[in-house]
Structures are given as C-alpha cells and as structure tokens.
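Peer 1: Below is a structure I'd like to ask you about.
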Amino acid sequence: MNVTMRGLLRPVILIRCHMDLSSNIVVLTGAGISADSGVATFRDSGGIWAKYDYREVATPEGYAANPTLVHEFYNLRRSGLNEVEPNAAHQALAKLEIAMADAGGSLTLVTQNVDDLHERGGSKSVWHMHGELRKVRCTACGQIRHWQQDLSLKTECPACHALGTLRPHIVWFGEMPMLMDEIAEAIANADQFVSIGTSGSVYPAAGFVGEARSLGIPCMEINLEPSENAYLFDAAFYGPAAEQVPLWVERLLSSVSR
Ligand code: OAD
C-alpha cells in the first residue's frame with residue numbers, strides 16, 4: 001500500500017501519542033549528524049558545495065565530462081573516512097535500535113549520508129538512500145562491491161575485468177535515490193518521524209516530513225538550527241547532534257524504565 005492510500009485511511013490530524021520503545025520510529029539523518037565527527041556538511045559555510053561545483057562532481061553529466069575529477073573527489077572523501085570516528089549521536093541511535101528491538105518496536109534508520117559512521121557507531125540496519133562511499137558499482141556488469149581503495153580509469157572490475165567501469169556507488173543529482181518504496185512503507189507505518197542534521201533542501205528526502213505529517217504522524221527535528229522545513233515539525237531540539245541526540249535517546253529510554 002503506498003503512502004497516498006494510507007493517507008486516505010488515516011485521519012489527517014496531528015496525533016500526539018506517547019512514544020514508547022514498542023513503537024515504530026523512522027529516523028532520517030543528514031550531514032549534520034556527522035559534523036561533530038569532523039565530516040564536512042554540504043551547505044554550511046565552508047561546506048563541500050562551497051568548494052566544489054556539484055554539477056561537475058555529483059551528476060552523471062559531470063562524470064561523463066570528466067570522470068577523473070569525479071574519481072578524485074570521491075577518492076578524497078573515501079580516504080577521509082579513515083580519519084574520522086562515529087560520535088555520541090551515532091552511538092545513541094545504535095543503542096536505541098537495540099532497545100526498541102528488545103521491546104518489540106523498531107527503529108528504521110534512513111540516512112542521506114554516504115559515510116559509514118552509523119555502522120561504525122553500532123547500528124545494524126542502515127538504509128543509505130544516497131549510496132555509500134565504501135561501495136563501488138560496475139557500469140558494465142552491474143556488480144556492487146565493498147571498496148576501500150582509490151578508483152581511477154585504470155581500475156579493473158574484479159568481476160567482469162572491464163577497465164575504468166567502476167564508479168562510486170553514490171546517487172548523483174538527477175538519479176533516483178535508493179530504497180524509496182521501502183522508505184515510503186516505513187513512514188506509512190511509523191508512530192514518529194525524526195529528522196536529524198539535515199537542511200531539508202534536497203528532495204525526495206526533504207519531502208519525508210510532509211508525507212509523515214499528512215499521515216498524522218508526529219514529527220520532530222534535531223538540528224543545529226531550524227531547517228528549511230522547520231515549520232512542518234511538531235517538536236524541535238536545536239544544538240549539536242552529538243549533544244541533542246543522546247539527550248533525546250536517554251529521555252526516551254528513561255521514560256520507559258520509570
Ligand atoms: P546540508 O549540508 O544541506 O545540511 C546540513 C545540516 O546540518 C544543516 O541544516 C546544518 O545546520 C546542520 N548541522 C551542521 N552541523 C551540525 C551539528 N553539529 N549538529 C546538528 N546539525 C548540524 O546536508 P544534508 O541535508 O545532509 O546529496 O544534504 C542533503 C544532501 O545534499 C546530501 O545527501 C547530498 C547533498 O547534495 C547528494 O550528494 C546526492
């Protein structure tokens with residue numbers, strides 16, 4: 001059943017129900033959750049899009065025009081992962097995932113981030129809707145595989161042995177994000193939607209809060225500052241994710257153990 005159909009069946013009002021660990025929570029994360037680990041965001045001052053033109057490094061057209069530049073951009077970001085560690089926000093979400101599973105609930109963690117800090121922070125299930133830096137895809141044979149090294153036009157696909165056909169397993173502008181049906185289904189079945197560290201400026205992710213809201217699902221934002229669609233959230237906590245996310249998770253855990 002798609003989101004629109006569910007919307008017709010559910011009352012379109014804001015239901016402020018008490019959250020507990022046996023409920024279903026969908027969390028969407030963005031670059032802000034990794035900022036406290038030292039990973040650059042995109043749109044903050046000095047962010048990635050202040051240094052690079054996204055049309056050159058993050059579009060199929062840019063890759064066709066200058067694949068070497070695109071490889072260099074992602075090689076730098078991939079190797080940069082060796083220099084960073086997950087922070088308290090990543091770790092708190094991993095703790096919440098376990099607590100909710102133990103209590104019969106579920107935490108669906110959807111991330112726009114292509115780093116692996118959620119996994120290294122302990123999360124078992126992470127839906128990377130914009131792909132993953134540490135994966136590559138062969139444009140000849142289609143195989144996706146884990147990848148730690150640099151890519152170049154001289155790199156051979158280990159599966160089909162074609163040369164220069166491996167590209168970053170990253171969703172570029174103009175491409176369809178991954179897992180869209182699964183995310184829509186998770187939102188349709190959610191008791192709460194929580195957005196963490198995203199500016200709310202890139203669709204379709206920026207539209208999730210609107211979908212959740214139209215289904216009567218309470219929505220909360222945790223961000224350094226109000227995002228572009230802050231007005232759509234029922235509740236918000238502003239401050240660094242590494243402080244605010246653990247506080248939220250502890251509040252949730254302690255409200256249950258009382
Ligand atoms: P942005 O750079 O657009 O937004 C980052 C958000 O994090 C901003 O709202 C900041 O205020 C907030 N922020 C910064 N530091 C923070 C901190 N320490 N704690 C909490 N919040 C903090 O990044 P995204 O919203 O993730 O897509 O960007 C979405 C997509 O745009 C990315 O996935 C990427 C980019 O182009 C593709 O490349 C396809």
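The values are calculated or read from the model by the stated rules, or taken from the named source; none is laboratory data. In this text the structure is predicted, and so the values were computed from the model without any measurement. Every residue, glycine as well, gets a Cβ built from its backbone with ideal geometry; the counts of neighbours run over all protein chains shown. For accessibility, only protein heavy atoms count, side chains too; no ligands or nucleic acids. Shrake-Rupley method; radii C 1.70, N 1.55, O 1.52, S 1.80 Å.
Peer 1: Inside region 103-158, can you point out the residues that are closer than 19 Å to ASP181 by Cα and in a loop (DSSP other than H, G, I, E, B)? Steps first, please.
Peer 2: So the first thing to find is which residues in region 103-158 are closer than 19 Å to ASP181 by Cα, and the list is 106-113, 125-132.
Correct list: GLN112, ASN113, SER125, VAL126, MET129, HIS130.
Peer 1: Also, I was wondering about something else. When you scan region 245-258, do you find a residue that is open to solvent by less than 20 Å² (accessible area, probe 1.4 Å), within 17 Å of the chain's Cα centre (by Cα), closer than 24 Å to ALA101 by Cα and touching a residue at least 40 places away in the same chain (Cβ under 8 Å), even just one?
Peer 2: yes
Peer 1: Within region 200-225, take every residue that is open to solvent by less than 40 Å² (accessible area, probe 1.4 Å) and more than 16 Å from the ligand (Cβ to nearest atom) and give me the one that is nearest to the chain's Cα centre (by Cα).
Peer 2: It comes out as ALA212.
Peer 1: Quick check on my filter: what residues within region 184-199 are among the aliphatic types (A, V, I, L, M) and away from the ligand (no atom under 14 Å from the Cβ)? Spell out the reasoning first.
Peer 2: Within region 184-199, the subset among the aliphatic types (A, V, I, L, M) is 184, 186-188, 190, 194, 196.
ALA184, ALA186, ILE187, ALA188, ALA190 - these are the residues of region 184-199 that are among the aliphatic types (A, V, I, L, M) and away from the ligand (no atom under 14 Å from the Cβ).
Peer 1: Residue check, MET100 against (1) open to solvent by 30 Å² or more (accessible area, probe 1.4 Å); (2) farther than 20 Å from PRO177 by Cα, all met but one. Which one?
Peer 2: In the conditions (1) open to solvent by 30 Å² or more (accessible area, probe 1.4 Å); (2) farther than 20 Å from PRO177 by Cα, MET100 misses (1) alone.
Peer 1: While we're here: Which of (1) in contact (Cβ under 8 Å) with a residue 24 or more places away in the chain; (2) surrounded by fewer than 18 Cβ atoms within 10 Å (Cβ to Cβ) does HIS161 not meet, given it meets every other one?
Peer 2: (1)
Peer 1: Name the helices (runs of 4 or more DSSP H) wholly inside region 1-92 in which the number of residues that are assigned by TED's automatic domain parsing to the domain that holds SER227 and at pLDDT below 95 is 3 or more.
Peer 2: Helices (runs of 4 or more DSSP H) meeting the threshold: 3-9.
Peer 1: Consider only pairs whose beta carbons are under 7 Å apart and that are at least six residues apart or on different chains; among these, list those whose first residue lies in region 116-145 and is under 20 Å from GLY105 (Cβ atoms) and whose second residue is in a loop (DSSP other than H, G, I, E, B).
Peer 2: That search, which allows pairs on different chains as well, returns HIS118/VAL126; GLY121/PRO86; TRP127/LEU179.
Peer 1: Then there's this: For ALA230, state whether it is farther than 24 Å from ASP115 by Cβ and within 14 Å of the ligand (Cβ to nearest atom).
Peer 2: Spelling it out, ALA230 is indeed farther than 24 Å from ASP115 by Cβ and within 14 Å of the ligand (Cβ to nearest atom).
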